[in-house]
Amino acid sequence: MSLIPGLGIVRGMALTLRRFFQPKVTHLYPEDPADISPKFRGRLQLLYDEHGTLKCETCFQCAQACPIECIDMGGVDTKGRYAVHWGASETYGERREESALRRAGRTVPDVAYEHWNAIDLGPVDAILHDADHDPGRLLEILEATQAAYGYLPVAALKRISFGTGAWYAMVYGTASYYDHLRFEPPAASSSGATPTGRGRAEADYLAGLDLVTGSGSKRPAGRAN
Amino acid sequence: MTRLLKTPAGWPRLLLARADATDPTDLDVAVKAGAFGGLKKVVRSLAPAAVVAEIRAAGLRGRGGAGFLTADKWQLAASTPADRRYVVANGYGADPAARTDPVLLELDPYAVIEGLAIAAWAIGAETAYIAVRATETEAIRRLEAALGAAEEAGFIGADVLASGHPISIELRRVQGAYMLGEETVLLKALEGKRGQPEQRPPYPAERGLFGRPTVVQNVQTLALAAWILREGAAAFRATGNRDAPGTILVHVRGAAGAGIAEVPLGTPLRAILGLVGAARSAPPPKALLVGGPSGGLLPADLLDTPYSFTDLRDAGAHVGSGSVVATAVDVDVVELAELLTRFCAAEACGKTIPCRIGTRRIEEIATRINAGTPRPTDAQLLTDLSADIVASALCDHERLATLPMSSVMRYFRPELDAKLQPVAQQTTDRQRVAVADGEPAH
Ligand SMILES: Cc1cc2nc3c(=O)[nH]c(=O)nc-3n(C[C@H](O)[C@H](O)[C@H](O)COP(=O)(O)O)c2cc1C
Ligand code: SF4
Ligand code: FES
């Protein structure tokens with residue numbers, strides 16, 4: 001509050017007058033391209049291929065690379081597994097309802113959400129302690145965790161991220177790369193019955209070699225007709 | 001266990017010399033048969049530079065597939081300034097159809113341990129790793145026993161042969177992806193990271209494990225290095241061929257059987273196939289798949305090609321995993337190439353565009369050719385795409401993944417053209433209809 005009456009309005013008018021005579025900053029975009037920082041990458045957008053399928057493979061590589069951790073995702077990766085966000089679930093529109101239920105202490109009737117269930121963190125804490133909380137021994141930690149729980153629950157992955165200081169994206173990205181690490185309990189996992197992705201390709205390759213050396217079938221690709 | 005094939009009496013046995021031992025982990029028996037003779041000589045009388053010179057004089061090339069000069073790697077690692085250096089024995093055996101490396105580890109673990117110690121001595125490393133596929137339980141069991149016995153006897157450990165130098169060797173079990181065989185990927189796995197290749201150069205010999213100079217060497221290469229230091233470079237030069245002396249383990253498959261054999265480099269493919277004992281009257285195979293899943297398909301008239309790094313590369317195949325497969329006469333090679341390409345695309349790590357998308361596009365082209373729905377431009381597309389992938393690939397996997405289809409283009413063109421043919425007809429028909437409808441033809 002000013003003591004001299006009218007000073008405020010004089011100041012305001014002074015600003016208006018100054019701006020009035022300053023050069024204008026209207027860009028004739030797109031004829032006249034805007035002057036943007038060379039590091040500007042535009043708006044994040046997922047791409048679709050020519051069949052309309054989402055190209056993103058939920059590999060978390062971009063989330064891992066993003067320096068300010070603004071990228072996150074959820075979806076099905078190339079191994080046919082459900083991959084979870086690595087940020088807070090509340091920040092995602094499609095998850096908001098479940099989150100609300102969960103916060104209200106109600107059960108969430110979504111199997112994909114079982115990944116988030118709380119677990120006894122004792123074993124994973126012991127594993128982290130044994131491995132010196134060293135992110136350089138991540139693979140060893142993940143293998144021991146899987147041996148302890150039978151699979152890699154999200155809560156354990158989060159704990160590993162927290163305990164080693166490695167980003168969740170790093171932990172998840174490593175775990176999802178190796179075929180022998182799994183995110184579902186063995187019984188629920190479909191990989192045992194019909195291998196998908198890499199496991200399937202390997203089985204086909206070995207079977208194909210057996211086929212082509214013998215003089216049996218001449219159709220190694222196993223096409224029906 | 002995979003069968004060992006009988007080889008002709010004249011063929012040298014450098015890798016499998018001690019393979020007949022009843023218990024390969026018995027250190028006394030192995031030492032009587034020559035094990036650790038090379039290491040003793042090195043520790044007693046050879047400076048690190050002299051070890052590298054001996055390996056160079058022997059002309060040893062890596063048995064992991066690419067045939068890189070081993071002495072160059074050791075030299076580079078030894079001359080790069082660093083506070084610490086590492087040696088890694090690559091015993092992963094990426095190709096599920098070639099068990100040569102695990103079999104060597106099962107039959108003569110001491111040869112690999114000795115080679116590893118010699119390599120560590122030559123570059124000044126104190127820590128070495130042996131990476132083995134976690135599912136090869138027998139090789140792991142024997143290696144553990146051998147490592148224990150060798151340490152007990154003072155061949156490795158805190159004070160190697162009372163020289164004051166420590167060389168500790170750690171066994172690491174890795175599993176979970178085909179790509180783990182590639183050296184930069186293997187190092188990532190040892191660091192506990194996601195297994196994706198790194199740009200080379202800098203080669204691991206300059207900046208490898210934990211950023212330190214690291215020599216990654218196939219287990220056969222290491223066993224041969226031990227042999228060279230024991231028997232001398234001249235004796236090694238007397239085996240194999242001029243450009244690549246020595247022997248290599250090959251996993252052969254044919255109609256009459258399959259097995260592993262030690263083969264002098266430069267042996268004609270025909271002689272290698274003869275090891276599985278195909279009847280003389282049997283028709284020659286239609287194609288030979290040389291190099292594993294990313295190998296090249298060679299026609300029967302190239303049966304006299306010598307099995308060596310350069311000759312195979314010139315013919316459009318490669319040594320690769322050491323797998324040689326003879327196909328039956330009635331095999332559809334285009335379908336075989338599709339199957340191989342699918343395997344390679346599925347195993348590609350996804351790091352780069354040629355890897356993630358290039359290999360998959362080749363697979364798609366192969367699939368539609370075989371499904372009878374090729375596009376008229378597919379032959380050209382295949383040529384261009386393969387060239388682009390070879391030119392822009394990050395690691396060798398993508399480059400090699402183009403081989404099955406491109407070798408079919410090169411040697412089995414009539415068969416491929418037959419599959420491309422009917423469609424040329426279809427397309428013209430369709431175009432004519434389009435013109436009649438008043439639509440512009442293009
Ligand atoms: C896709 C791919 C798979 C490979 N798999 C193996 C393998 O299983 N074992 C191996 O020794 N080398 C493998 N290599 C070669 C290694 O990258 C590396 O060149 C080798 O271990 C070096 O040892 P050397 O110089 O003794 O051959 C592979 C390479 C590629 C591109
Ligand atoms: S998750 Fe992987 S595939 Fe998806 S946008 Fe990120 S980097 Fe690309
Ligand atoms: S970069 Fe992915 S397989 Fe080579």
Rounded to 0.05, the calculated FRET efficiency for the beta carbons of A:Arg18 and A:Cys56 at R₀ = 51 Å is 0.55
Computed about the Cα centre, the charge dipole of the range B:95-176 from +1 Lys/Arg and -1 Asp/Glu charges at the Cβ has a magnitude in debye, to the nearest 20, of 220
Expected unfolding gain across B:Arg84-B:Ala235 under the 0.36 nm per residue rule, minus the alpha-carbon gap, is 51.0 nm
By accessible area (1.4 Å), largest first, B:Glu126, A:Glu143, B:Glu338 order as B:Glu126, A:Glu143, B:Glu338
Once A:His129, B:His251, A:His180 are ranked on solvent-accessible area with the largest value leading and a 1.4 Å probe, the list reads A:His129, A:His180, B:His251
Per its Cα gyration tensor (rounded if a/c is under 1.5, else prolate when a/b beats b/c, else oblate), the range B:121-259 is best filed as rounded
Percent antiparallel among DSSP beta bridges confined to the range B:206-337, rounded to 5, stands at 85
Within the range B:1-39, DSSP-loop trypsin sites (Lys or Arg not before Pro) with at most 15 other C-beta atoms within 10 Å are B:Arg3, B:Lys6, B:Arg13
Projected onto the charge dipole of the protein assembly as shown (unit charges on the beta-carbon of Lys, Arg, Asp and Glu, signs +1, +1, -1, -1), the Cα from A:Ala201, A:Pro38, B:Thr7 with the largest positive-side position is that of A:Pro38
Between chains B and A, the summed loss of accessible surface on complex formation, probed at 1.4 Å and reported to the nearest 100 square angstrom, is 3300
With a Förster distance of 56 angstrom and the Cβ-Cβ distance between A:Val10 and B:Asp388, calculated FRET efficiency to the nearest 0.05 equals 0.25
Here, B:Asp23 and A:Ile119, labelled 7 Å along Cα→Cβ, have an inter-label distance in nm of 4.2
Percent antiparallel among DSSP beta bridges confined to the protein assembly as shown, nearest 5, equals 50
Label model pair B:Val31, B:Leu69: point-to-point distance (7 angstrom along the Cα→beta-carbon line) in nm is 3.7
Inter-chain shielding metric for B:349-356, i.e. average beta-carbon neighbours from other chains within 10 angstrom, reads 2
Simple SL model, points at 7 angstrom along Cα→Cβ for A:Cys66 and B:Arg368; separation in nm is 3.4
Counting only DSSP beta bridges fully inside chain B, the antiparallel percentage to nearest 5 is 45
Under the helix-only model (-39500 (n - 2.57) for each DSSP H run of 4 or more, divided by the residues of chain B), the mean residue ellipticity at 222 nm, to 500 deg cm²/dmol, is -13500 deg cm²/dmol
Each residue of B:327-339 has, on average, a number of other protein chain C-beta atoms within 10 Å of its C-beta equal to 6
Once all protein chains are kept in place, B:Ile228 shows an accessible area at probe 1.4 Å, nearest 10 Å², of 0
The extension gain from B:Ala282 to B:Ala145, computed as 0.36 nm times the residue separation minus the Cα-Cα distance, is 44.8 nm
1/(1 + (r/R0)^6) with r = Cβ-Cβ of A:Lys39 and B:Gln199, R0 = 30 Å, i.e. FRET efficiency to nearest 0.05, evaluates to 0.85
Descending accessible area (1.4 Å probe), largest on the left, turns B:Asp396, B:Asp332, B:Asp304 into B:Asp304, B:Asp396, B:Asp332
For peptide A:172-178, the mean count of other chain Cβ atoms within 10 Å per residue Cβ is 5
Mean projected area (nm²) from the convex hull of Cα positions in the protein assembly as shown is 44.7
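The values are calculated or read from the model by the stated rules, or taken from the named source; none is laboratory data. What you see is a predicted model, and the numbers here were worked out from it, not measured in a lab. Cβ sites come from the backbone with ideal geometry, for glycine too, and all protein chains shown count toward neighbours. Quick note on the areas: whole protein, heavy atoms, side chains included, nothing else; ligands and nucleic acids left out. Shrake-Rupley method; radii C 1.70, N 1.55, O 1.52, S 1.80 Å.
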